[in-house]
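K.L.:
What follows is a structure written as structure tokens; I'll ask about it next.
The values are calculated or read from the model by the stated rules, or taken from the named source; none is laboratory data. Nothing here was measured: the structure is a model prediction, and the numbers come from that model. All Cβ positions, glycine included, derive from the backbone under ideal geometry; neighbour counts span all protein chains shown. Calculation scope for accessible area: heavy atoms of the full protein, side chains included, ligands and nucleic acids excluded. Shrake-Rupley method; radii C 1.70, N 1.55, O 1.52, S 1.80 Å.
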Amino acid sequence: MNRTPGKYINLVIYLIVILLINIAGMTLFFRIDLTRNGIYSLSDISQRVGSTLSEPLTIKVFFTKNLPAPYNNVERYLHDMLEEYSIDANQNFNYQFYDVSPEDDGLDSETQGNRKMALNYGITPVQIQIVEKDELKFKKAYMGLVIIHGDLIEKIQTITSTNGLEYKLTTTIQKMNNKISALSLLPEKIKIKLFLSSSLYEVAPHMGISDLPGLNAQVEGMVKKLNKKNYDKLEFIKLDPMGDTRLEDAVKHYQILKLQWPDIAKAGIKAGTGAIGLVMEYNGKAAQLPLLQVLQIPMIGIRYQIVDLKSIEESIDENVSTMIGINEDIGYLTDHDTLQIYGETPSGPMGTQVKSELSNFRNLLSQNYSIRDVNLNYENIPENINCLIIAHPKKKFTDYELFQIDQFLMKGKNLALFLDPFKEVMPEGQNNMRFGANPQFVELDTGLEKLLDHYGVGLGKSYVLDKTCFKQKVPAQFGGGEKPIYFAPVIENKFINNDLDFMRNINELITLKVAPVEIDLEKINKNGLNAVKLISSSENSWEMSERISLNPMLLPSPPPPGDMQSFPLAYLIKGRFPSYFAGKPVPVRVMDKKDAEKYKSKKDQGKDQAEITRQGEFLEKGRAGKIFIIGSSEILKNTLLDEAGKGREGIFIMNVIDYLNNHVDISLLRSKEQRLNPLKNDIGQGVKTFVKTINIAGLPLLVVLFGIIILLRRVARKKQISIIFNK
């Protein structure tokens, strides 16, 4: 029987099915994300941001094609992610990829046009490292994008990794959308005031800044340029303080740089003064931008230099967001000798700037919040602040200051407390840099303790030491190996509370010099509060409370297992807190003479400054608020917090801050790509090796096994057919 026509019909049917499947695949986007955190799917906030665009938003991606791994995966991931954005976004969202080659030879007109466009947007090629034919090579490639939303343009210069890309894109789009909405509703213009005394023109050549007279036109042109992307909401004002009393007062008020010079006889210049500086002002907010740098150069002396106008332009653009309140305000307590978030920008021996130890934390915080300094010595806690950060206070709080904190909490606001049990003091006569100089640990009593004790929470007067800790590598000349740093506990996943959404993807943390957090369950229950333990040390922990020495070489050996236990290191307390001042006389502010004089000069309103009574209603029982408390401020410092905030400690801290400001969706977005999934320490080495082997070789082995099964089936079928025909 001739079966040839049937074969052809089947072949045609198969081809049609394959063709239809391909057409369906091209028109229908469908993908299953099997990762636990859904790292290849858009978060809810990303979908919401895209669906609420009020004006057209275009993303132009400039990427060099046919890059080797892993950069080709970055491009593929970007393609898929933008495709998902476009599905969930409204009609205002669109994106486009442009092939841009860094090579000069063999370019067609389209590729040349793409490269010109990329350069116009400020996207330049980057150098990447590739392995080709067993050789390590370097290659230039375009890997950036720009986001155009209305008149605003933002760019991501380099995308070499998919890590955190969705967070970056979504938060950028959200800020641009908010900025457009805020600018379009702005009732007044933001004033850019240039304070420049004409008296400076004469002396400028002798200061090495002969181009000073042209500064006026340069700043005006810069503001005109910025106006194009700020909806014409900037107004340039040129002010000459020379001989104008009112402007001289303004110079003093804004702390603008003022110069004074003696007679310069050989140039015929008489002694005089002059001021130079730039001030942004809107709705009571002001930002001062220095225009002149004063440099102390070793062996040469003082030199003057006009600040790079490009950096001034960027500062103005960034400050516009702060002025119009795009970012939510967050309070940071700057008095009581807390950690300096801005630092004092001290100069090193060669005139170099030294970063504040909280510079990374400040940068991370300012990405989503406007940091508002809170000084309880001079002001009440601003009403618009939803969260107040208190980091390592060392000076005692007065009852009136505690009253402010208490009432802040009663209003349903939140506290982020990074407290330490001790203050480190270097013994007199010893230099910090001197080898062998060990600090003394003085117990702190700031007054916050009695406030917290009333709520049912406290801090132990000890440091927690843990056998599960960071291990420092010892150089070979000192014997090699690893030295356990017991006062740097490593918090394993099983000691992290992952039940809360913002803690869900935190798998491991490192703390340093941390005290146990103590909870009085009787008071917590009596007050109707809810205390949630966030992290704790391992069962192999113990306390150091006497004769404290944190010199790794002098640390005592761990105690017997029976004397060790797990200690809670951070808690979240939620609920309606009872006021500490209920049933007590409401305290009033009492200022010493020195502070009273400062206050009087600052806010002299013709009334008695020595006594200020409270304003507003006293709240005896608060609205629902939250307290986050951890027994160490070290986790805020650059020692543990990386600059990009991609480390586990940075994600943990920023997630806590977002949670306290009711931005849980942002915290989920930030931590969804936590790729660190360490195996538990109590798992045997054999099990670890087995798991690693399965992860590396499991899939190839499955493919090989599947192939062997297919082969065996074919062999068996051949044998069966052979048996049938040989009968």
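K.L.:
Over the range 61-194, what is the relative contact order in whole percent, taking alpha-carbon pairs under 8 Å and six or more residues apart?
P.N.:
Relative contact order for the range 61-194 comes out at 24 percent.
K.L.:
Over the range 124-236, with every protein chain in place, what whole percent of the accessible area is carbon and sulfur at 1.4 Å, could you tell me?
P.N.:
For the range 124-236, the apolar C and S fraction of the accessible surface comes to 48 percent.
K.L.:
Provide the per residue accessible area, probe 1.4 Å, for the range 541-580, rounded to a whole number of square angstrom.
P.N.:
53
K.L.:
In a shell of Cβ-Cβ distance under 11 Å around residue 642, excluding residue 642 itself, what net charge do Lys and Arg (+1) and Asp and Glu (-1) give?
P.N.:
For residues surrounding residue 642, the net value is 0.
K.L.:
Rounding to the nearest 10 and keeping the result within 0 to 90°, find how far the Cα-based axis of helix 685-725 lies from the longest principal axis of the chain.
P.N.:
Orientation of helix 685-725: about 20 degrees from the principal axis.
K.L.:
If you roll a 1.4 Å probe over the range 352-402 with all protein chains in place, what percent of the accessible area is carbon or sulfur?
P.N.:
So the carbon and sulfur contribution to the accessible surface is 46 percent.
K.L.:
A further question on this structure: Would you list 580, 121, 14, 463 from the most to the least accessible area, probe 1.4 Å?
P.N.:
Output order, biggest surface exposure first: 14, 121, 580, 463.
K.L.:
Considering the values (i) 32.2, 126; (ii) 25.8, 81; (iii) 28.6, 108, which represents Rg and Dmax of the Cα atoms in Å as calculated for the structure under consideration?
P.N.:
Only one listed value fits the structure, namely (i).
K.L.:
Probe 1.4 Å, all protein chains in place: accessible area of residue 201 in Å², nearest 10?
P.N.:
Taking all protein chains as shown, residue 201 has close to 70 Å².
K.L.:
Given a 1.4 Å probe and heavy atoms of the protein chains only, how would you sort 372, 547, 648, 303, largest accessible area at the top?
P.N.:
547, 303, 372, 648
K.L.:
Given the protein chains as shown and a 1.4 Å probe, how many square angstrom of residue 263 are accessible, to the nearest 10?
P.N.:
Counting only protein heavy atoms, the figure is 110 Å².
K.L.:
I would also like to ask the following. Please give the FRET efficiency for residue 340 paired with residue 186, using the beta carbon to beta carbon distance and R0 = 30 Å, rounded to the nearest 0.05.
P.N.:
Result of the calculation: an efficiency of 0.35.
K.L.:
Ignoring any ligand, DNA or RNA, what whole percent of the accessible area of the range 538-582 comes from carbon and sulfur when the probe is 1.4 angstrom?
P.N.:
48
K.L.:
Amide H neighbours of residue 289 under 5 Å, counting only residues 5+ apart in sequence or on other chains, H built in-plane at 1.01 Å?
P.N.:
278, 279, 280
K.L.:
Let me ask you something else. What does the helix-only formula give at 222 nm for the chain: each DSSP H stretch with n ≥ 4 adding -39500 (n - 2.57), the total divided by the residues, and the result rounded to the nearest 500 deg cm²/dmol?
P.N.:
That calculation yields -10500 deg cm²/dmol at 222 nm.
K.L.:
So what does residue 149 come to for accessible area, using a 1.4 Å probe and Å² rounded to 10?
P.N.:
Residue 149 has an accessible surface of roughly 0 Å² with all protein chains in place.
K.L.:
Give the separation of the Cα centroids, the range 167-185 to the range 492-514, in Å.
P.N.:
Between the Cα centres of the range 167-185 and the range 492-514 lies a distance of 31 Å.
K.L.:
Which sequence of 32, 548, 302 reflects their accessible areas, 1.4 Å probe, from the largest down?
P.N.:
32, 302, 548
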